[in-house]
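Heads up: the structure comes next, in structure tokens.
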Amino acid sequence: MNKTETKNYIREMIKRYDEFVPLSAEDFAFMLKVLEGHEYAKEKIGCGVKKMWLENTIYNNKGFWLERTDGSRIDFSFIKCFVKSTSKKADFLKACRKAVEPIVIRFRDSVFQENKTIQCPILDIPITKHESHVDHDQPFAFIKIARMFVIINNIDLDKVQYNHGIGVEFADNQLEYSWLQYHTKMANLRVISAKANQQIPKEKW
């Protein structure tokens, strides 16, 4: 199978399994082979993989988990098994976004707690929660906040360690905590429409 056929096969596989049901021997062998293409395959596989299964993610879809032969567990994104390695800068930004995900989701949910629809502040159109995006409003875009955090704390991106699962996470809990504190201080969140978010020029590092 080529890359597209393999991805489609995995998506069909995901539909066949309920949560926490171990993959069959055939599907397990197939996914183990796919996992070898992951940028962090050695880290994921570790001492060896005993079994795999699927669990729901915060995005309400199913993601892969594995248990190693020593009993330790970790998740992984099958999509990343087909993606070339990223830069240290890209990993840092991904970890920053992953860390603030719960904050962003809580903010969005709070906005729609009493209203099924709100007006997009940019396009002045009604939007539901499922049509919305959370944006970092002026004066600081998300990337600028992350860049300022790196500069102020004199962070060497080459030395930052990560846990790579469904998303990239900081391995250093203190670094993540410091980032969350800084983000809370500097971020001005707002809910806008997905269409408006696509039209906003994206700031670069």
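Worth a mention:
- Where the chain is the region considered: accessible area per residue in Å², 1.4 Å probe: 60
- Accessible-area order (highest first, 1.4 angstrom probe) of the listed residues Ser87, Ser72, Ser193: Ser87, Ser72, Ser193
- Between 0 and 90°, nearest 10: helix 142-152 axis offset from the chain longest Cα axis: 90
- For Thr4, solvent-accessible area (1.4 Å; no DNA, RNA or ligand), Å²: 90
- Near the amide H of Ile122, within less than 5 Å, lie the amide hydrogens of Ser193, all on another chain or at least 5 residues away, with H placed in the peptide plane.
- Of every Cα-Cα pair in the range 111-177, the percent that sits beyond 17 Å: 63
- In the chain, the longest principal axis of the Cα atoms and the axis of helix 3-16 are about 90 degrees apart.
- 5 Å binning of all Cα-Cα separations within the chain, expressed as whole percents from 0 upward: 1, 6, 13, 15, 15, 15, 14, 12, 7, 2, 0
- Residue-wise HN-Hα couplings along the range 118-123, as the Karplus relation 6.51 cos²θ - 1.76 cosθ + 1.60 with θ = phi - 60° gives them from phi, are 9, 8, 5, x, 9, 9 Hz; Gly and Pro carry x.
- Heavy-atom surface analysis with a 1.4 Å probe gives the range 61-205 a carbon and sulfur content of 50 percent of its accessible area.
- Share of alpha-carbon pairs per 5 Å distance bin for the range 1-93, given as whole %: 3, 12, 24, 25, 20, 11, 4, 1
- Note on the range 114-145 and the range 44-72: Cα centroid distance 34 Å, given to the nearest whole angstrom.
- Residue-level accessible surface for Arg190, protein heavy atoms, 1.4 Å, Å²: 60
- Counting only heavy atoms of the protein chains and using a 1.4 Å probe, Glu5 has close to 90 Å² of accessible surface.
- If R0 is 41 Å, the Cβ-Cβ spacing of Met148 and Asp124 corresponds to a FRET efficiency of close to 0.85.
- The chain: angle of helix 88-111 to the longest principal axis, Cα-based, in degrees nearest 10: 60
- The value given for the range 8-47 is a Kirkwood hydrodynamic radius of 11.2 Å, derived from the mean inverse Cα-Cα separation.
The values are calculated or read from the model by the stated rules, or taken from the named source; none is laboratory data. Nothing here was measured: the structure is a model prediction, and the numbers come from that model. Ideal geometry is used to build each Cβ from the backbone, glycine not excepted, and the neighbour counts take in all protein chains shown. Keep in mind that these areas ignore ligands, DNA and RNA; they rest on the heavy atoms of the full protein, side chains included. Shrake-Rupley method; radii C 1.70, N 1.55, O 1.52, S 1.80 Å.
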